[in-house]
1. So if a site counts as exposed when it's one of the trypsin sites (Lys or Arg not before Pro), its DSSP state isn't H, G, I, E or B, and it has at most 11 other Cβ atoms within 10 Å, what's the longest stretch of chain A without one?
2. Expressed as a fraction of 2.2 N^0.38 Å, the rule-of-thumb size for a compact globular protein of N residues, what is the C-alpha radius of gyration of region B:2-85?
3. Under a straight-distance cross-link criterion of Cα-Cα below 16 Å, which aspartates and glutamates are reachable from A:Lys219, leaving out those fewer than 8 residues away in the same chain?
4. Do the alpha carbons of any pairs in A:Lys107/A:Lys299; A:Lys20/A:Lys141; A:Lys141/A:Lys172; A:Lys20/A:Lys172; A:Lys141/B:Lys53 sit beyond 25 Å of each other, and which pairs?
5. In debye, nearest 20, what is the charge dipole magnitude of the protein assembly as shown about its Cα centre with +1 on Lys and Arg Cβ and -1 on Asp and Glu Cβ, if you could check?
6. Would you please state the base-10 log of I(q)/I(0) at q = 0.08 1/Å for region A:227-382, with intensities from the Debye formula using one equal scatterer on every alpha carbon?
7. Between A:Asp274, A:Asp116, A:Asp323, which gets the highest mean-square fluctuation from a Gaussian network model of chain A, Cα cutoff 10 Å?
8. Counting only other chains, what is the mean number of Cβ atoms within 10 angstrom of the Cβ of each residue in peptide A:276-284?
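Throughout, read-outs are computed from the coordinates displayed, never taken from laboratory work. Quick caveat: nothing in here was measured; it's all calculated off a predicted structure. All Cβ positions, even for glycine, are placed from backbone atoms using ideal geometry, and neighbour counts span all protein chains on display.
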Amino acid sequence: MTEAVIIGVGLHPFGRFPGKPALDMGADAVRLALADAGVTWPQVQGGYIGSYEVANPDAIVGRLGLTGVPLRGVFNGCATAGTALALAARAVETGEHDLTVAIGLDKHPRGAFAADPSVAGIPSWYGQTGLFLTTHFFGMKINRYMHEHGISHETLARVASKNFRNAAANEKAWRRTPLTPEEVLASPVLNYPLRQFMYCGPNEGAAALVLCRADQAHKYTGKPVRVRSTALRSRRLGAFEVQSPSFPVGEPVDSPTVDASRAAYELAGIGPEDVDVAQLQDTDAGSEIIHMAENGLCKDGEQERLVAEGATEIGGRLPVNTDGGLLGNGEPIGASGLRQIHEIVLQLRGTAGTRQIPGTPRVGYTHLYGAPGASAVTILST
Amino acid sequence: MTTTRRPVAEDLFTWPAGPDDPPWLIGSECAECGLVSFPAAPDCVRCASTESKRRLLADRGTLWTYTTQDFRPPSPPYDGPETFEPYAVGYVELPGELLVEARLTEPDPGRLRIGQPMRLTLVPYTVQDDGTEVVTFAFAPAEEETP
């Protein structure tokens with residue numbers, strides 16, 4: 001098998017774009033990625049595209065050019081973009097395509113997601129009585145985690161403040177007003193212990209990548225970024241996962257993030273100690289804290305000290321969510337994971353501008369988690 | 001006018017006939033491996049058996065974790081009253097059975113704590129246009145034994 005490398009990245013800003021269809025945002029992102037790679041749409045041999053709101057995201061060929069290219073729609077909740085990248089990389093690795101794209105796009109209405117629980121295989125009473133909210137899970141998971149591992153409310157606020165500060169330096173981010181930890185702590189509680197400014201919001205945006213065979217990358221770029229591994233896992237029995245009316249008693253079972261992370265490290269032959277910069281699913285400030293440990297980047301409870309020391313800041317030992325993460329960018333579900341990859345590629349190329357982490361980063365890590373208990377991890381390197 | 005009450009769903013919990021007839025959650029138990037499920041499930045997610053039997057669950061447990069709901073959830077699917085009162089949600093561990101997610105009767109997070117004893121109760125969570133109260137299950141802090 002050959003190796004897949006990323007040679008082009010494109011990002012449509014995340015935010016609100018009244019009157020602009022998701023497909024148009026996606027087409028803009030693809031054109032940016034193609035230009036970055038120095039290729040044209042007719043050279044693309046195939047691709048994978050993900051969206052929650054757009055029924056047929058593959059209709060994007062109507063904007064880009066009707067070349068007959070196979071473009072496959074994928075969906076895996078918040079792990080959608082991780083899936084699109086994984087399959088695009090696989091198509092290159094197995095020799096199906098020499099040049100392929102991964103695309104994500106979405107356009108969500110304001111406010112929390114609303115759906116009939118039956119779409120998730122859950123009975124109607126769960127939604128009628130006010131239990132069918134993903135935000136409950138995040139509130140309950142971090143509440144239990146804080147109790148077990150001594151994480152403070154101040155640490156939650158510092159994480160949110162960091163991500164808004166990073167977003168302020170990112171011209172494509174949505175929430176660009178820095179907030180102090182005190183301002184975060186002064187915002188209203190939505191789901192205890194999580195407050196308004198500790199949650200990300202659904203919004204709009206698109207992102208795209210161009211991948212090719214490693215042995216052909218020299219034709220396009222002097223700085224290809226290697227896709228070292230991708231891993232996707234679903235929940236196992238006994239794990240505490242989103243949208244669960246109940247779960248079994250007994251010994252705690254690892255989350256799909258732990259499972260995906262271990263698999264990705266093993267496939268890459270890279271350990272957590274080698275990671276120079278990470279993008280972790282920060283649906284809320286608590287999730288970023290928990291995901292630091294679930295992805296092997298620290299021990300449970302160590303986050304309290306690491307965050308206080310500034311280890312996860314852009315100038316710190318382990319920068320996390322340097323572009324503002326989901327808190328700063330919002331979450332167009334289909335695009336979110338490719339926005340993470342976009343940022344890691346800029347960091348590994350050394351072109352992240354005022355957000356550039358110091359030194360010469362070699363290894364970048366991205367992670368997604370979402371309903372109904374699916375996690376995707378990608379490890380990239382120079 | 002007599003207020004009529006009805007459960008939010010059939011076969012979710014027993015429907016008490018009076019104050020001396022406490023409610024029970026209706027779960028199921030896999031006939032092959034014994035895995036307890038709630039709500040009652042025909043298929044077992046551990047051993048893939050399709051044989052199960054009905055089982056009433058313990059009405060007492062301990063609070064495993066909790067959160068609050070301080071904004072009105074999107075409707076649909078939520079069909080609570082327009083005038084929104086914040087409520088709490090938690091997982092209660094029923095020993096040897098499972099952890100069940102439920103509304104909590106105590107909305108103040110300052111009066112909830114992990115490990116707190118809880119007991120099952122029923123609460124009217126909304127009133128329909130014709131005056132019918134719709135009832136769901138919830139857990140209430142149980143009085144703790146004083147030494």
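1. Details: sites that count: A:Arg110, A:Lys299, A:Arg317.
With trypsin sites (Lys or Arg not before Pro) excluded where exposed in loops, chain A gives A:111-298 as its longest stretch.
2. Output field value: 1.41.
3. Leaving aside aspartates and glutamates fewer than 8 places away in the same chain, those within reach of A:Lys219 are A:Glu3, A:Asp36, A:Asp98.
4. Working: A:Lys107/A:Lys299 37 Å; A:Lys20/A:Lys141 36 Å; A:Lys141/A:Lys172 30 Å; A:Lys20/A:Lys172 16 Å; A:Lys141/B:Lys53 31 Å.
Over 25 Å apart, Cα to Cα: A:Lys107/A:Lys299; A:Lys20/A:Lys141; A:Lys141/A:Lys172; A:Lys141/B:Lys53.
5. 1760 debye
6. -0.21
7. Largest GNM mean-square fluctuation: A:Asp116.
8. Numbers: counts 0, 0, 0, 0, 0, 0, 0, 0, 0.
That works out to 0 on average.
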